[in-house]
């Protein structure tokens, strides 16, 4: 049960990381928040948060399985998270605002 919770947390961390990396781009920020541009400091913060979340996802995968299986699970969770964020951006981009508290509304 513990392993399943840790893998679920790894997938959620990958999803948040991909969302933050997407929101760091001005085009996706405009889609999600409707604001013309974001300050460079916020974009840097979102990039750092995205990288940290992806690293946390890898760490959680490594804590559950041996390295070769963890790498496979991590890459697959990255692919699933990227697909989920891409679908959210094309269908309901405002859902990504949940990742940035205080983000402007469209």
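The values are calculated or read from the model by the stated rules, or taken from the named source; none is laboratory data. All values derive from a computational prediction rather than experimental measurement. Glycine also receives a Cβ, built like all others from the backbone with ideal geometry; neighbour counts cover every protein chain displayed.
Quick notes on this one:
- The number of residues in region 69-90 being surrounded by 14 or more Cβ atoms within 10 Å (Cβ to Cβ) and either under 24 Å from residue 45 (Cβ atoms) or touching a helix residue (DSSP H, G or I) at 6+ places or on another chain (Cβ under 6 Å) (or both) comes to 11.
- When residue 17 is tested against (1) modelled with pLDDT of 95 or more; (2) surrounded by fewer than 18 Cβ atoms within 10 Å (Cβ to Cβ); (3) within 17 Å of residue 95 (Cβ to Cβ), only condition (2) is not met.
- Conditions (1) over 27 Å from residue 7 (Cβ atoms); (2) over 17 Å from the mean Cα position of the chain (by Cα); (3) at pLDDT 90 or above; (4) crowded, with 19+ Cβ neighbours inside 10 Å: number failed by residue 93: (2)
- Test for residue 52: is it farther than 20 Å from residue 88 by Cα, touching a residue at least 24 places away in the same chain (Cβ under 8 Å), part of a helix (DSSP H, G or I) and out of contact with any helix residue (DSSP H, G or I) (no Cβ under 7 Å at 6 or more places or on another chain): yes
- Among residues of region 23-41 being without any contact (Cβ under 8 Å) to a residue 24 or more places away in the chain and assigned to a helix (DSSP H, G or I), the one that is surrounded by the most Cβ atoms within 10 Å (Cβ to Cβ) is 29.
- Of the listed requirements (1) in a helix (DSSP H, G or I); (2) surrounded by fewer than 13 Cβ atoms within 10 Å (Cβ to Cβ), residue 102 misses just one: (1).
- Criterion (modelled with pLDDT under 95, under 14 Å from the mean Cα position of the chain (by Cα) and more than 17 Å from residue 98 (Cβ to Cβ)) met by exactly one of 51, 25: 25
- Residue 65 vs. criteria surrounded by 13 or more Cβ atoms within 10 Å (Cβ to Cβ), modelled with pLDDT under 95, over 22 Å from residue 105 (Cα atoms) and touching a helix residue (DSSP H, G or I) at 6+ places or on another chain (Cβ under 7 Å): yes
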